[in-house]
Amino acid sequence: MSNKGKAGRYRGSVKDFPNFDPNQDAEALYNAMKGFGSDKEAILDLITSRSNKQRIEICQVYKALYGKDLIADLKYELTGKFERLIVGLMRPLEYFDAKEIKDALKGIGTDEKSLIEILASRTNQQIRALVEAYKDAYERDLEEDVIADTSGHFKKMLIVLLQGNREEDDVVSEDLVEQDANDLLEAGEQKWGTDEAQFVYILGNRSKQHLRLVFNEYQKISGKSIEMSIRGELSGDFEKLMLAVVKNIRSTAEYFAERLFKAMKGLGTRDNTLIRIMVSRSEIDMLDIREIFRTKYEKSLHHMIESDTSGDYKKALLKLCGGDDDAAGEFFPEAAQVAYQMWELSAVAKLELKGTISPAANFNADGDAKVLRKAMKGFGTDEDAIIEVVTQRSNDQRQEIIKAYKSHYGRDLMADLKSEISGPLAKVILGLMMPPAFYDAKQLKKAMEGAGTDESTLIEILATRNNQEIQAINAAYKEAYHKSLEDALSSDTSGHFKRILVSLALGNRNEGGEDLTKAHADAQVVAETLKLSDVSGDDSTSLETRFLSILCTQSYAQLRRVFQEFVKMTNHDVAHAINKRMSGDVRDAFLAIVRSVKNKQAFFADKLYKSMKGAGTDDQTLIRIIVSRSETDLLNIRREFWELYDKSLYHMIEKDTSGDYRKALLAVCGGED
């Protein structure tokens with residue numbers, strides 16, 4: 001199989017072996033499996049260095065020479081994941097896909113993720129070959145089996161994809177682009193209920209080039225991405241399938257990079273997914289997948305496979321991967337193009353921010369004050385009643401409850417809550433009761449008091465708040481602690497890190513639009529500071545000052561353009577460059593700014609995931625983000641969490657916490673995605 005990608009270049013990692021001799025290879029495999037035990041190293045070296053076409057020829061020669069089935073012999077000699085990988089490589093791609101789909105459909109339950117991955121990513125030619133291979137291998141009709149095993153709109157879209165009839169004409173009609181974008185908008189966002197048939201027809205049949213333009217037009221007329229609308233309008237497996245189709249329309253290589261990352265991140269490895277992708281893409285676009293993987297996840301695919309697998313299985317996967325993109329220590333042009341496109345998407349995205357908590361209807365501060373007093377009066381405490389009231393009211397409403405409580409009972413509600421509840425539950429409830437600026441001020445104070453400084457908290461808050469929020473925090477800090485935030489930071493931190501924090505704490509970020517000429521000049525300063533460009537006449541101290549000023553005072557819109565210009569200028573992504581050329585708290589602070597500029601909600605989703613993954617929970621981070629973002633963008637963070645980690649924030653909190661603490665967090669989280 002050959003696959004010509006960019007500028008006609010082959011983009012697979014496995015190529016035809018030069019001076020190929022199927023007789024010699026068949027004999028080598030026979031000898032490797034002869035007698036007691038087998039030479040697995042010889043088997044994997046040979047099979048992973050031959051193309052699929054050559055492997056099929058070896059099978060035929062092996063049968064002619066020894067009267068035996070090579071795949072059957074390999075199955076007998078090998079075991080486990082290694083056997084599944086090697087046997088998968090021996091089948092023609094269409095038969096490999098057919099086997100994967102048969103496995104997904106057989107038995108109790110259906111492996112919807114495998115169905116979605118294969119049918120959403122294959123070309124018309126590959127789909128038709130797969131349907132024929134399924135018929136040949138199992139003497140069954142694939143469409144009939146899918147119909148029998150799936151249902152609803154999910155089934156309808158799978159059947160449309162199984163026809164392999166997506167339009168392939170790259171000549172695009174602007175009128176039809178506009179019409180399709182409007183039809184999708186009317187079928188979803190502007191309709192009571194959703195017209196799923198329109199989504200199925202347009203996304204299942206139009207050409208990739210046409211749909212990319214439709215998605216751009218949809219963003220313009222609706223103010224949101226097609227992905228966001230699909231998440232809001234569709235649900236379940238149908239939603240996952242349509243999102244997979246959209247991702248493949250945008251970039252099949254990026255879709256697989258994401259699937260590979262999710263297969264290996266966290267505890268355990270999804271080996272079936274890892275094997276399926278490494279086998280099926282090794283002669284199509286593995287080089288593109290590797291490039292995008294490194295761009296998105298700041299590590300090479302080779303490195304992640306190496307750390308996540310072992311033994312002969314690992315060796316075979318690494319051979320299919322074809323190389324370590326971190327080895328040279330530098331970025332490369334194709335990945336830089338992807339990075340540039342990511343900054344472009346960040347620049348044009350219009351995000352409607354939504355929290356999970358909004359003002360309660362028919363609010364009655366006096367009534368809520370009475371409920372809370374009753375919950376804390378007498379022997380024992382009714383934590384459920386406290387959670388119900390506090391998590392279902394907006395912060396403004398909670399401030400009214402505090403006043404009503406004082407007026408009715410002459411008591412301080414915060415003091416009563418402190419005496420009645422304890423531990424992490426108390427931190428959630430008391431955090432929710434504080435005005436946001438005072439809550440942030442308290443978190444900053446705690447980060448600086450006592451022995452040692454919690455630099456991560458200082459960075460998180462100061463790098464992500466807007467000017468108005470920063471100014472409110474300054475006022476709250478002064479009121480609560482009778483000291484300016486700037487003075488506190490200056491006395492508790494030092495060096496460049498102090499300068500960054502103090503600059504952020506001034507709340508003087510420019511709020512204007514974009515200036516492309518200035519963006520180019522600023523990108524040059526960033527490149528010189530990170531030693532990716534020849535240094536101009538400025539000395540290093542002046543450069544560092546300008547670099548700090550750019551990152552801490554330019555508007556988000558301007559910084560996106562600066563970072564795009566930086567990619568164009570250097571073939572590096574700014575986050576990678578900072579990560580490689582800086583260290584410690586200074587690196588972490590600048591990275592937090594860059595990630596917040598690119599996608600603030602993804603930045604918080606990542607911090608939430610890290611607070612709960614592995615052994616133990618970082619309750620402080622978990623509570624701080626859930627409380628502080630509950631009325632700002634927690635719903636958006638939930639969506640990013642799902643997108644990044646293929647699981648809901650709700651589900652992870654549910655598994656990682658317990659008791660009334662869990663109840664409170666889940667109530668604020670606001671729902672299972």
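Take the residues of segment 21-39 that are open to solvent by less than 70 Å² (accessible area, probe 1.4 Å) and of a type outside the set (A, V, I, L, M): which is nearest to V61 (Cα to Cα)?
Per the stated criteria, the residue is P22.
Determine whether segment 357-367 contains at least one residue that is in contact with a Gly (Cβ under 8 Å, 6 or more places away or on another chain) and under 27 Å from L634 (Cα atoms).
The answer is yes; a qualifying residue exists.
Go through segment 634-654 residue by residue and tally those that are of a type in the set (D, E, K, R) and assigned to a loop (DSSP other than H, G, I, E, B).
Going through segment 634-654, the residues of a type in the set (D, E, K, R) turn out to be 638-640, 643, 646-647, 654.
Now restrict to residues that are assigned to a loop (DSSP other than H, G, I, E, B): 646-647.
Qualifying residue count, segment 634-654: 2.
Please go through segment 595-605 and give me each residue that is surrounded by fewer than 21 Cβ atoms within 10 Å (Cβ to Cβ) and out of contact with any Lys or Arg (no Cβ under 8 Å at 6 or more places or on another chain), ordered by number.
Of the residues in segment 595-605, the ones surrounded by fewer than 21 Cβ atoms within 10 Å (Cβ to Cβ) are 595-596, 599, 602.
Correct list: R595, S596, N599.
Can you name the condition, by its number, that Y201 falls short on among (1) surrounded by 14 or more Cβ atoms within 10 Å (Cβ to Cβ); (2) touching a helix residue (DSSP H, G or I) at 6+ places or on another chain (Cβ under 6 Å)?
It fails just one condition, (2).
Only residues in segment 239-267 that are within 30 Å of G616 (Cβ to Cβ) and in contact (Cβ under 8 Å) with a residue 12 or more places away in the chain count as the first member; pair them with residues that are assigned to a loop (DSSP other than H, G, I, E, B) and polar (S, T, N, Q), Cβ under 8 angstrom, at least 6 apart or cross-chain, and list the lot.
These pairs meet every condition: A263/T269.
Search segment 465-477 for residues being of a type outside the set (S, T, Y) and in contact with a Leu (Cβ under 8 Å, 6 or more places away or on another chain), and hand back the single one that is surrounded by the fewest Cβ atoms within 10 Å (Cβ to Cβ). I'd like the intermediate steps shown before the answer.
Within segment 465-477, the subset of a type outside the set (S, T, Y) is 465-476.
Within this subset, residues satisfying the condition of being in contact with a Leu (Cβ under 8 Å, 6 or more places away or on another chain) are 470, 473-474.
Numbers: I470: 22, I473: 25, N474: 18.
The extreme case among them is N474.
Can you tell me how many residues within segment 73-86 are closer than 17 Å to F36 by Cα and open to solvent by 40 Å² or more (accessible area, probe 1.4 Å)? I'd like the intermediate steps shown before the answer.
Taking segment 73-86 first, the residues closer than 17 Å to F36 by Cα are 73-79.
Then drop every residue that is not open to solvent by 40 Å² or more (accessible area, probe 1.4 Å), which leaves 75-77, 79.
Here the count works out to 4.
Keeping to segment 618-633, report how many residues are assigned to a loop (DSSP other than H, G, I, E, B) and open to solvent by 40 Å² or more (accessible area, probe 1.4 Å).
In the first step, residues of segment 618-633 are kept if they are assigned to a loop (DSSP other than H, G, I, E, B); the result is 618, 630-633.
Applying the additional criterion that residues be open to solvent by 40 Å² or more (accessible area, probe 1.4 Å) yields 618, 631-632.
Going through segment 618-633 one residue at a time, the tally reaches 3.
Of the conditions (1) open to solvent by less than 20 Å² (accessible area, probe 1.4 Å); (2) not in a helix (DSSP H, G or I), L548 fails just one. Which one is it?
With respect to (1) open to solvent by less than 20 Å² (accessible area, probe 1.4 Å); (2) not in a helix (DSSP H, G or I), L548 is out only on (2).
With respect to S2, is the statement that it is at pLDDT below 95 and either part of a helix (DSSP H, G or I) or under 17 Å from I86 (Cβ atoms) (or both) true? Outline the logic, then answer.
Working: at pLDDT below 95: yes; either part of a helix (DSSP H, G or I) or under 17 Å from I86 (Cβ atoms) (or both): no.
Spelling it out, it is not the case that S2 is at pLDDT below 95 and either part of a helix (DSSP H, G or I) or under 17 Å from I86 (Cβ atoms) (or both).
How do the helices (runs of 4 or more DSSP H) wholly within segment 354-449 filter down when requiring 1 or more residues that are touching a residue at least 12 places away in the same chain (Cβ under 8 Å) and over 38 Å from the mean Cα position of the chain (by Cα): which remain? Steps first, answer last, please.
Numbers: elements: 365-376, 383-391, 395-409, 413-420, 423-433, 436-448.
Result: 365-376, 395-409, 413-420.
Regarding L203, is this residue in contact (Cβ under 8 Å) with a residue 12 or more places away in the chain and under 17 Å from the mean Cα position of the chain (by Cα)?
Details: in contact (Cβ under 8 Å) with a residue 12 or more places away in the chain: yes; under 17 Å from the mean Cα position of the chain (by Cα): no.
When the stated conditions are applied, L203 does not pass them.
Has segment 139-151 got at least one residue that is within 25 Å of R250 (Cβ to Cβ), open to solvent by 30 Å² or more (accessible area, probe 1.4 Å) and under 29 Å from the mean Cα position of the chain (by Cα)?
no
Please determine whether any residue of segment 610-617 is under 21 Å from the mean Cα position of the chain (by Cα) and open to solvent by less than 20 Å² (accessible area, probe 1.4 Å).
Looking through segment 610-617, at least one residue is under 21 Å from the mean Cα position of the chain (by Cα) and open to solvent by less than 20 Å² (accessible area, probe 1.4 Å).
Which residue, of R624, R581, is modelled with pLDDT under 95 and more than 17 Å from Y645 (Cα to Cα)? Steps first, please.
Working: R624 fails: modelled with pLDDT under 95.
Going through R624, R581 in turn, just one is modelled with pLDDT under 95 and more than 17 Å from Y645 (Cα to Cα): R581.
Do you know which of the residues in segment 409-464 that are under 20 Å from E631 (Cβ atoms) and among the aromatic types (F, W, Y) is surrounded by the most Cβ atoms within 10 Å (Cβ to Cβ)?
Y439
With the checklist (1) in contact (Cβ under 8 Å) with a residue 12 or more places away in the chain; (2) part of a helix (DSSP H, G or I); (3) not aliphatic (A, V, I, L, M) in hand, flag the one item G12 doesn't pass.
Evaluating G12 over (1) in contact (Cβ under 8 Å) with a residue 12 or more places away in the chain; (2) part of a helix (DSSP H, G or I); (3) not aliphatic (A, V, I, L, M) leaves (2) as the failure.
Confirm whether F641 is under 19 Å from L351 (Cα atoms), touching a residue at least 60 places away in the same chain (Cβ under 8 Å), open to solvent by less than 10 Å² (accessible area, probe 1.4 Å) and aromatic (F, W, Y).
Numbers: under 19 Å from L351 (Cα atoms): yes; touching a residue at least 60 places away in the same chain (Cβ under 8 Å): no; open to solvent by less than 10 Å² (accessible area, probe 1.4 Å): yes; aromatic (F, W, Y): yes.
No.
Please go through segment 152-171 and pick out each residue that is among the aliphatic types (A, V, I, L, M) and open to solvent by less than 70 Å² (accessible area, probe 1.4 Å).
Just the residues of segment 152-171 that are among the aliphatic types (A, V, I, L, M), to begin with: 157-162, 171.
Hits for segment 152-171 are M157, L158, I159, V160, L161, L162.
The values are calculated or read from the model by the stated rules, or taken from the named source; none is laboratory data. Keep in mind it's a predicted model, so treat the numbers as computed, not measured. Backbone-built Cβ (ideal geometry, glycine too); neighbour counts: all protein chains shown. The accessibility values were calculated without ligands, DNA or RNA, using every heavy atom of the protein model including side chains. Shrake-Rupley method; radii C 1.70, N 1.55, O 1.52, S 1.80 Å.
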